[in-house]
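What follows is a short report on a single structure.
The values are calculated or read from the model by the stated rules, or taken from the named source; none is laboratory data. Keep in mind that what you see is a predicted model, and the values were worked out from it rather than measured. No Cβ is skipped: glycine too gets one built from the backbone with ideal geometry, and neighbour counts run over all protein chains shown. SASA here: full protein model, heavy atoms, side chains in, ligands and nucleic acids out. Shrake-Rupley method; radii C 1.70, N 1.55, O 1.52, S 1.80 Å.
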Amino acid sequence: MSPAPTQELPEIALFYLTLFAFAALFLLAFYDRFGLFRFAKADARLANPGARARAFVVYVLAQRRLLTQPYGGILHALIFWGFVTLALRSINFLLDGIDGDASLQSLLGDVFSGYGAVMDSFNVLVLVGVTMALYRRLVTKPARLTLNWDALGILSLIAGLMIADLLTNGTDLALLGGRDLQEASYASFAISRALDGIDRGALDVIHIVAWWSHLLILMTFLAYLPFSKHLHVITAAPNVYLRSLRPTGTLFPIPALQGGDVESVQRFGAGAIYDFTWKQLLDTYSCTECGRCEDACPASMTGKTLSPKKIMHDLRQELQRQPQGIGLFRSRLSPDEAQPMIPNAVTDEELWACYTCGACMEACPVFIEHVPTIVDMRRHLVMDEARMPETVQATLETLERQGHPWRGTPFTRETWMEGLDVPVWTGREEYLYFVGCTGALVDRAQPVVRSLATLLRQAGVSFGVLAGGETCNGDPARRLGNEYLFQILAQQLIATFNEGGVQKIITNCPHCFNTFKNEYPDLGGAYEVIHHTQLLERLMQEGVLVPKNGVARTVTYHDACYLGRHNDIYSPPRRVLERIPNVTLVEMPRNCEKGLCCGAGGGTMWMDEGGRERVNEVRTQEAIATGADAVATACPFCIQMLEAGVDSLQAGREGADRLAVFDVAELLEVAVTSGEPASGEPASGEPA
């Protein structure tokens, strides 16, 4: 190894000046960014280090989520793996500048030289990745990517760093002459051979220029990161490690409300940037602005104002405008003087457009948690500002007055039971069947609960219902931002469950399932919760429920967000359908974790929908395009939205010309009991 051009004055002084100046700039900028976190709320994110480490390997080192989209995933993986591999060479480069005898190459000798082929390979692969990235940004220009100078500047610095690294090592090999193992660094060796015949003095000059270029590009890249959206180079890996390990449909309570200390709360939810937790602030810095969340978001794709990417970008900008206290890069205020975040950074319309379906979180390669952040801002609008759409206000008022969200329903909670022998809960039954507000009070949902009750009786399951004693579990209030009302309703129902000795709960509503299973434990209500498709699958496997008749239909299955994406239940409903004779199951292109929301989540069931298209119609069209004659689902909200989509897209059609919409339980009941479909739904058609 030839000596670095920093062994004598004035070069060594210039080296240390450069090193410390850029390091100081980086550290001050880093503090300027992350010193803000001390004003944020606490958030415990270190439990279960084993699971976090495993996920780190899968999602950071192996780049699993990124590689689901081959082109973008491959180019990013090439750059990422290259940086990880070449970190060793960068360390060696800086140590060589300090003292040649302290460098890795000097200490490890041929071991380090033998590693040269790997490092050269990644130099080349990073250049390939940068070329692919530039081609995509400058030529193909996908809509989800924002073309800006920041991205182009970072890509240029990365390319320059790789070229300078190869040229530095190539001229170093040329100056060394016939050193053993130098051929291992094949790209650098090729450069050294290309320099054959050049005067040694000229070669020294080229080496010095390459070496100093390498140093300046490396230090400029590091110092610029805190000012760039590419700060995610530093924050993305920790963000993945520190992600929530709970199901993505879980929202967290406001601690003061749990403790009953309402008077101590200065602001409910997030009205200013410091009302977020430090992890939510880390999310804003970790956003790569890749736009995958925007592509997956049903609100974005149908022309609503919401873009999850823009939300993160705007919150990051808001964070960087806020008080920090050192007065380094901008004038500072105190945290108490922080400006309102809504609508200055994020608008009301954006927040109310969210379906809380979690598609953004599923698509995000760095596990940003968009939905809890959006709901926290809704909480502020509702509980602090009393600012919400009229439809939201009406829904919350109905919940508070009547214990359910359905204004004008002519039904009671016992109406669906008429003509059926349904046992009422006494505490001696194994399962409580929680029917839910929609199952009991919406006419189209009642046939579903009747089918399920019939199947449970047929299978001899020990169950009972609360009937008139049932109230809303609070899910709509929580998603709409009224955390206070949610906790009142939840505590009321938990008291009912505990007084009645409830231990196991069956629910056919994924929203009830998610709330009971994932959110009630935070409030002291821990129960064994099973969705009806899980139970039906188990009963069929045990031979207790046996389909006696074929149902000659081609069926496509729609994944409910709060059952599938938020709780990872994809197989049970499909296995139930597959076990029904003569049912042919076909999939929509967007299925399972990539399934498209029906348009009812996040309380939007009770809101007016704007935008270019209606989400339920987009999803219904996807179902129609499969050629299926029926779409099955396992959520009462999805059934209503899909049937509304059919009414709009196939108005005037009847019978076989019209897409039928069923719950999985309705189709299974036909196959098991040999009767007509319990729904008797003429608009949707009947199973053959």
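List of remarks:
- Which numbered condition S571 misses (of (1) under 21 Å from N616 (Cβ atoms); (2) out of contact with any strand residue (DSSP E or B) (no Cβ under 8 Å at 6 or more places or on another chain); (3) among the hydroxyl-bearing types (S, T, Y)): (1)
- Taken together, the residues in the range 545-557 that are surrounded by fewer than 21 Cβ atoms within 10 Å (Cβ to Cβ) and at pLDDT 95 or above amount to 1.
- Boolean, R444 is part of a helix (DSSP H, G or I) and either modelled with pLDDT under 95 or among the basic types (K, R) (or both): no
- Residue that is under 20 Å from the mean Cα position of the chain (by Cα) and of a type outside the set (D, E, K, R), where the choices are V84, V60: V60
- Residue in the range 47-66 that is among the hydroxyl-bearing types (S, T, Y) and either buried (at least 17 other Cβ atoms within 10 Å of the Cβ) or free of Cβ contacts under 8 Å to residues at least 24 places away in the same chain (or both) present: yes
- Just so you know, in the range 558-581 the residues that are among the charged types (D, E, K, R) and part of a loop (DSSP other than H, G, I, E, B) include one that is surrounded by the fewest Cβ atoms within 10 Å (Cβ to Cβ), and it is D568.
- Failed criterion for D43 (all others in (1) open to solvent by 50 Å² or more (accessible area, probe 1.4 Å); (2) in contact with a strand residue (DSSP E or B) (Cβ under 8 Å, 6 or more places away or on another chain) hold): (1)
- The range 535-544, residues that are open to solvent by less than 10 Å² (accessible area, probe 1.4 Å) and within 29 Å of the chain's Cα centre (by Cα): L535
- Subset of the range 458-481 that is of a type in the set (S, T, N, Q) and in a loop (DSSP other than H, G, I, E, B) - its residue that is farthest from R401 (Cα to Cα): S462
- Counting only residues that are open to solvent by 10 Å² or more (accessible area, probe 1.4 Å), touching a residue at least 40 places away in the same chain (Cβ under 8 Å) and within 13 Å of Y527 (Cα to Cα), the range 467-501 holds 2 of them.
- Residue within the range 394-406 that is surrounded by 17 or more Cβ atoms within 10 Å (Cβ to Cβ) and hydroxyl-bearing (S, T, Y) present: yes
- Checked across the range 95-102, the condition of being in contact (Cβ under 8 Å) with a residue 24 or more places away in the chain and in contact with a strand residue (DSSP E or B) (Cβ under 6 Å, 6 or more places away or on another chain) holds for no residue.
- When we screen L245, L225, L175 for residues that are surrounded by fewer than 20 Cβ atoms within 10 Å (Cβ to Cβ) and out of contact with any Ser or Thr (no Cβ under 9 Å at 6 or more places or on another chain), the only hit is L245.
- The residues on offer are L319, L333, and the sole one that is within 24 Å of Y31 (Cα to Cα), open to solvent by less than 10 Å² (accessible area, probe 1.4 Å), at pLDDT below 95 and of a type outside the set (S, T, N, Q) is L319.
- Test: residue in the range 205-217 that is within 29 Å of the chain's Cα centre (by Cα), of a type in the set (F, W, Y) and assigned to a helix (DSSP H, G or I): no
- Taking the criterion of being open to solvent by 10 Å² or more (accessible area, probe 1.4 Å), over 28 Å from E609 (Cβ atoms), out of contact with any strand residue (DSSP E or B) (no Cβ under 9 Å at 6 or more places or on another chain) and not in a loop (DSSP other than H, G, I, E, B), the only residue of the range 273-315 that qualifies is L282.
- Filtered by the rule that a residue be hydroxyl-bearing (S, T, Y), assigned to a helix (DSSP H, G or I) and modelled with pLDDT of 95 or more, the range 482-540 gives T496, T515, Y520, T533.
- Scan of the range 54-68 for residues that are outside any loop (DSSP other than H, G, I, E, B), of a type outside the set (V, I, T) and within 18 Å of F80 (Cα to Cα), ordered by number: A55, F56, Y59, L61, L66, L67
- Verdict on A51 being assigned to a helix (DSSP H, G or I), within 24 Å of K229 (Cβ to Cβ) and either among the aliphatic types (A, V, I, L, M) or within 24 Å of the chain's Cα centre (by Cα) (or both): no
- Candidate set: the range 438-466, residues that are among the hydroxyl-bearing types (S, T, Y) and more than 25 Å from Y520 (Cβ to Cβ); chosen: the one nearest to the chain's Cα centre (by Cα): S451
- Being closer than 30 Å to R538 by Cα, open to solvent by 10 Å² or more (accessible area, probe 1.4 Å), free of Cβ contacts under 8 Å to residues at least 12 places away in the same chain and not in a helix (DSSP H, G or I) holds for only one residue in G427, G419, and it is G419.
- Count of the range 124-172 residues which are open to solvent by less than 30 Å² (accessible area, probe 1.4 Å) and more than 30 Å from S300 (Cα to Cα): 13
- Note on the range 194-221: residues that are touching a residue at least 12 places away in the same chain (Cβ under 8 Å) and open to solvent by 70 Å² or more (accessible area, probe 1.4 Å) amount to 5.
- The number of residues in the range 620-678 being in a helix (DSSP H, G or I), among the polar types (S, T, N, Q) and open to solvent by less than 30 Å² (accessible area, probe 1.4 Å) comes to 1.
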